[in-house]
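*Asks:* What follows is a structure written as structure tokens; I'll ask about it next.
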Protein chains: 4
Amino acid sequence: MTQIDLNCDLGESFGHYVIGHDEQVLPLITSANVACGFHAGDFSVMHQTVDRAKKNGVAIGAHPGLPDLKGFGRREMKVSPTEVYDMVVYQIGALQAMTVAQGTRMNHVKPHGALYHMASDQQKIAEAVVQAVVDVNPDLLLFGMDGTFLTKVGEKAGLHVIYEAYADRTYQTDGSLTPRSMPDALIADSGQALAQVLEMIQYGTVTTTTREKANVRAETICVHGDGTAALAFAETIRRELQDRGITIKAWL
Amino acid sequence: MTQIDLNCDLGESFGHYVIGHDEQVLPLITSANVACGFHAGDFSVMHQTVDRAKKNGVAIGAHPGLPDLKGFGRREMKVSPTEVYDMVVYQIGALQAMTVAQGTRMNHVKPHGALYHMASDQQKIAEAVVQAVVDVNPDLLLFGMDGTFLTKVGEKAGLHVIYEAYADRTYQTDGSLTPRSMPDALIADSGQALAQVLEMIQYGTVTTTTREKANVRAETICVHGDGTAALAFAETIRRELQDRGITIKAWL
Amino acid sequence: MTQIDLNCDLGESFGHYVIGHDEQVLPLITSANVACGFHAGDFSVMHQTVDRAKKNGVAIGAHPGLPDLKGFGRREMKVSPTEVYDMVVYQIGALQAMTVAQGTRMNHVKPHGALYHMASDQQKIAEAVVQAVVDVNPDLLLFGMDGTFLTKVGEKAGLHVIYEAYADRTYQTDGSLTPRSMPDALIADSGQALAQVLEMIQYGTVTTTTREKANVRAETICVHGDGTAALAFAETIRRELQDRGITIKAWL
Amino acid sequence: MTQIDLNCDLGESFGHYVIGHDEQVLPLITSANVACGFHAGDFSVMHQTVDRAKKNGVAIGAHPGLPDLKGFGRREMKVSPTEVYDMVVYQIGALQAMTVAQGTRMNHVKPHGALYHMASDQQKIAEAVVQAVVDVNPDLLLFGMDGTFLTKVGEKAGLHVIYEAYADRTYQTDGSLTPRSMPDALIADSGQALAQVLEMIQYGTVTTTTREKANVRAETICVHGDGTAALAFAETIRRELQDRGITIKAWL
């Protein structure tokens, strides 16, 4: 039986500010990456998001980010590995308490935005993130991309790593994502996206922008819930995968 | 054997800003109320404070406050009970993870500043704070003053309540503290403070500003670490209590 | 010639968070109350909002609020008059520089949310707001409601006060707004709203919820831009007033 | 007549957090760089600092920084030139209003910490800072170091640039400061510091760490007020310069 998880960033609203269509995307996904109040989200939104995920039977994960609400955690800051360790412990802990208080539990951790990229590219930041997860709860799954420091360090530390892949982003020869600054970075056609996902799941490869094959492990696919097009896209991916007998389910 | 706990607010520094003399007060106290990043403290300071408390064998507690760094959590805000519940769950969780990550554990919860006062005076705020503690970890001790909603609601919910009393504040006929706005609110003389503490510990009463007796339960005494005078005061209280055979120890 | 100003709160987005339909409401109004980064808005949004208002020939005003992004400046905080004075000076100054830098100017000040209510009901807060305006630039217009401390203190200090009235809120016998907690606080019918506005402009009275007449000065009408219904409402008011020969224009 | 200005960063306290000995350093300096609420300071502290500077006859300047209270504005963030422009306009405007409200005026602008370094090293950031100053008030003086983009761009834009030099930092062959990471970056000996300042003022050169001469323009010397040693250092520099007939005075 082939199994795949569909994950989405959730709980990114803040106070009176609303981002995302959490209610609509929840029935489509199996893992929610919940913002923890640093780059997005707040304690009220976290409570609500945990409740909603629980009601939808969606696995809950922490989505820790840089302390930068204005930049939505997307711009790099010069933070030391120690600071990264501390901010990840803090955010994981806050969400963990929120899940326990609502009678459920936290299942995974996926760093957000610039922190995700920094943990992918810089060994010391990867080590800080991984150590924070290990120290708070070594049973937590770690989401990250194949070939990055984040997953390499996570594996080495004995964490259960879940390999994340993208349906709507193209890949380069080395298995990394084409940077968003490049013209062919995004996949707009849902047929092409589906073909890419199927290839990754069934053969463990991806067809790169140079028409070569690169090895890519795909255990969870990142989908988006911010807009009508994104929701339709997620719905298509989900249905087509199910039609091919692939089980859509969180890794627990 | 008579036992008393000495508690102090700690970890109130923020970034480059330093408040308190944590290193000096830690050898004098048995419970540390650690700021959780809302009214004071940040994730780096929390890590350091947990480390220091652990090294000194001091019990660690969460000191959740209102989200108001500029006001140091001392000014009331119109927050709903639900918001209070969520902000307490969040802050307790963050500190809990910090203690677990450092191989130790969180022992108690004491609300800070305006939140402490609101939880003392308003039943719904008390219920929100107590429910947050119960839902995150019902084994946590709850610090609060005798005769307040906070401790009444805490007892009713089955929490282990530790009654807090003050050495350097006078009491009114009903057992409540004289407001700081009154001329005789503070006790500057360490002899008078010591006498008050001894009376509270040994007889369960306090001599009020009108020279009457009020019942006051005292299981933990709040001391301060912000300045030379405060440190000397804490040192005197500690030594004099020990000299009278009273055990200075955290409730575990 | 009868003249009326239509004002709307603008520039309330923050970072990646969008609130309001500023582009659509700008052609309908004549004065924009621009958030100044405390309860909403940020320096980037302020720049953009000043640019847009300038292009639309809409007068620009500062909309200073309490420092509470999570609560959108709508919940009261215990702030001293001195703090209010300082936060208003700061926010007015920031927007003033933004207008000067874009080759335009700031025309008015209208406090936001809880600060507006506090300045209406509490004399000392009104005095703090008014003094801040006087000290930064006494030529600025002050928006406020008839019968409040804000406008009384403003008049006494020699400021040019512009009286603000509401199209979609009912009034009580004393000329104050029916609190939102009451069932008949809001006017949903645009015909009734228009009739109320016309009565206020032409006769200086309003028909209260008890069918009496109360005196109400109306020189600027507050409209909303957050949603399709609000935009349609603003459009109707604007067109109907113009059709009756009333000039829609900012007070300069 | 040889004239030199002594400047110091001031008003860096925040809420209950105190940094610096502003009262003691004010009689020693002639220009105060006042934090504007982003990396340090708040609206209350700004008011107090403007008052104190005015009473001491010290010229007041804006000290805009990155929006990073936790990092004290010392860590680089990936901000665009547009964001820098907007944040500088905002902060300059806030302080300008504060000075006008207290019956005085703002005299200069000096970027803080990481923003100062970014504006020194990156042309586009320098252009953003300079344009913000030009657009808000082209009569403001701009403080910056000789040989940097900040002062080059400032001169080209027609601003009155004041060249800043350091008494307690060594210089490299190209006239730039020795990075703090190097062992010989700091000058601890006040005699050496004084000699360096005198050489810069009288000959426009500095003796570098390799014992060569580099050209360095020095019109204002940056001193520090954070600690007993810093204050003694500032006092010595001031007295020795005065004894040599050098006029200690702000550039107005």
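The values are calculated or read from the model by the stated rules, or taken from the named source; none is laboratory data. Values in this document were obtained by computation on a predicted structure and should not be read as measured data. Counting neighbours? That spans all protein chains shown, and the Cβs are built from the backbone with ideal geometry, glycine included. Heavy atoms of the whole protein, side chains included, go into the accessibility calculation; ligands, DNA and RNA do not. Shrake-Rupley method; radii C 1.70, N 1.55, O 1.52, S 1.80 Å.
*Asks:* Quote the relative contact order of chain B in percent (integer), defining contacts as alpha-carbon pairs under 8 Å separated by 6+ residues.
*Replies:* Rounded, it is 21 percent for chain B.
*Asks:* Right, here's the next one. Give the lysines whose C-alpha is closer than 16 Å to that of residue A:54, dropping any in the same chain fewer than 8 places away, or say none.
*Replies:* Result set, ordered by chain and number: A:249.
*Asks:* Under a 5 Å amide H to amide H cut-off, with H placed in plane at 1.01 Å, what residues pair with residue B:177 once short-range neighbours are removed?
*Replies:* Counting only residues 5 or more places away or on other chains, the set is B:172.
*Asks:* To the nearest 20 Debye, how big is the dipole of the stretch C:1-144 about its Cα centre, given +1 on the beta carbon of each Lys and Arg and -1 on that of each Asp and Glu?
*Replies:* Charge dipole, the stretch C:1-144, about its Cα centre: 120 debye, nearest 20.
*Asks:* Another question about this same structure. Of B:70/B:110; A:70/D:152; D:70/D:124; C:78/C:124, which sit over 24 Å apart, Cα to Cα?
*Replies:* Listed pairs above 24 Å: A:70/D:152; D:70/D:124.
*Asks:* Suppose every K and R has +1 on its Cβ and every D and E has -1 on its Cβ; what is the size of the dipole of the protein assembly as shown about the Cα centre, in Debye to the nearest 20?
*Replies:* My answer is approximately 0 debye.
*Asks:* Quick one: 3J(HN,Hα) in Hz for the stretch A:75-90, Karplus 6.51/-1.76/1.60 with θ = phi - 60°, rounded, Gly and Pro as x.
*Replies:* Values, residue by residue: 10, 5, 10, 7, 10, 7, x, 4, 4, 4, 3, 5, 6, 6, 4, 4 Hz.
*Asks:* Turning to a different aspect of this structure: In terms of modelled amide H atoms, which long-range or inter-chain residues lie less than 5 Å from the amide H of residue B:34?
*Replies:* Under 5 Å from the amide H of residue B:34: B:10, B:61, B:62, B:63.
*Asks:* If you don't mind, there's one more thing I want to ask. Give me, ordered by chain and number, the residues 5 or more places off residue C:248 or on other chains with an amide H under 5 Å from its own placed amide H.
*Replies:* Here the answer is C:4, since their amide H atoms fall under 5 Å of that of residue C:248.
*Asks:* Excluding residues fewer than 8 places away in the same chain, name every one of the aspartates and glutamates whose C-alpha is closer than 15 Å to that of residue D:55.
*Replies:* Filter leaves D:22, D:23.
*Asks:* Relative contact order of the stretch C:123-252, please, whole-number percent, based on alpha carbon pairs below 8 angstrom and at least 6 residues apart.
*Replies:* Worked out over the stretch C:123-252, it gives 20 percent.
*Asks:* Determine ³J(HN,Hα), in whole Hz, for all residues of the stretch B:39-46 in sequence, where each value follows from phi through the Karplus function 6.51 cos²θ - 1.76 cosθ + 1.60 and θ = phi - 60°; x replaces Gly and Pro.
*Replies:* 9, 5, x, 8, 4, 5, 5, 4
*Asks:* Could you tell me how far the Cα centroid of the stretch B:196-220 sits from the Cα centroid of the stretch A:200-252, in Å?
*Replies:* First find each Cα centre; the distance between them is then 68 Å.
*Asks:* Using θ = phi - 60° and the Karplus form 6.51 cos²θ - 1.76 cosθ + 1.60, what ³J(HN,Hα) does each residue of the stretch A:120-129 get, whole Hz, x for Gly and Pro?
*Replies:* Karplus values, whole Hz, x for Gly and Pro: 6, 9, 10, 4, 5, 6, 4, 4, 5, 5.
*Asks:* Now for a different question. Provide a list, ordered by number, of residues in the stretch C:72-87 showing at least 20 Å² less accessible area with every protein chain present than when their chain is taken on its own, using a 1.4 Å probe.
*Replies:* C:72, C:74, C:75, C:76, C:77, C:78, C:83, C:85, C:86
*Asks:* Ok, one more. Nearest 100 Å², what total accessible surface is buried between chain B and chain C (probe 1.4 Å)?
*Replies:* Summing both chains' loss of accessible area gives about 700 Å².
*Asks:* Right, next: Could you tell me the distance between the Cα centroids of the stretch C:51-103 and the stretch A:157-178, to the nearest Å?
*Replies:* The stretch C:51-103 and the stretch A:157-178 have Cα centres separated by 45 Å.
*Asks:* Another question, if that's okay. In Å², and per residue, what accessible area does the stretch C:3-248 have when probed at 1.4 Å with the other protein chains present?
*Replies:* Here the per-residue accessible area is 37 Å².
*Asks:* Suppose you put the label 7 Å out from Cα in the Cβ direction; list, shortest first and in nm with one decimal, how far residue D:182 is from each other copy's label.
*Replies:* 4.0, 6.5, 7.4
*Asks:* What residue of chain A sits with its beta carbon nearest the rotation axis taking A to D, and at what distance in whole Å?
*Replies:* Of all Cβ atoms in chain A, the one nearest the axis gives A:77, 3.
*Asks:* What does the convex hull of the Cα atoms come to per residue for the stretch B:1-66, in Å³?
*Replies:* Cα-based convex hull of the stretch B:1-66, divided per residue, equals 78 Å³.
*Asks:* What nm distances, shortest first, do you get from the label point of residue C:235 to those in the other copies when the point sits 7 angstrom along Cα to Cβ?
*Replies:* 2.8, 7.2, 7.6
*Asks:* Another question, then. Among the residues of the stretch B:88-132, which ones have their accessible area go down by 20 Å² or more when all the protein chains sit together, as opposed to their chain alone (1.4 Å probe)?
*Replies:* B:89, B:90, B:93, B:94, B:97, B:98, B:100, B:101
*Asks:* With unit charges on the beta carbon (Lys/Arg positive, Asp/Glu negative), name the residue among C:19, C:220, C:208 whose Cα is farthest towards the positive pole of the charge dipole of chain C.
*Replies:* Positive-most Cα among the choices belongs to C:220.
*Asks:* Just the number, please: Stokes-Einstein D of the stretch A:24-102 in µm²/s, Kirkwood Rh from C-alpha pairs, 25 °C, 0.890 mPa s.
*Replies:* Estimated via Stokes-Einstein, D reaches 188 µm²/s.
*Asks:* What are the radius of gyration and Dmax of the stretch C:3-248, computed over its Cα atoms and given in Å?
*Replies:* 16.9, 50
*Asks:* Given contacts defined as C-alpha pairs under 8 Å and at least six residues apart, what's the relative contact order of the stretch A:141-213, whole-number percent?
*Replies:* The normalised contact order for the stretch A:141-213 reaches 25 percent.
*Asks:* In the protein assembly as shown, what % of DSSP beta bridges are antiparallel (nearest 5)?
*Replies:* 20 percent
*Asks:* May I pose another question? Let me see the P(r) profile for the protein assembly as shown: every Cα-Cα distance counted, bins of 20 Å, each bin given as a percent of all pairs.
*Replies:* 12, 37, 39, 12, 0
*Asks:* Provide the packing ranking of B:166-172, A:182-188, A:11-17, i.e. peptides ordered by the mean count of other C-beta atoms within 10 Å per residue, highest first.
*Replies:* So the peptides B:166-172, A:182-188, A:11-17, ranked by packing, come out A:11-17, B:166-172, A:182-188.
*Asks:* Find the Cα radius of gyration of the stretch A:163-252, compare it with 2.2 N^0.38 Å by division, and give the number to two decimals.
*Replies:* Cα-based Rg divided by the globular estimate yields 1.04.
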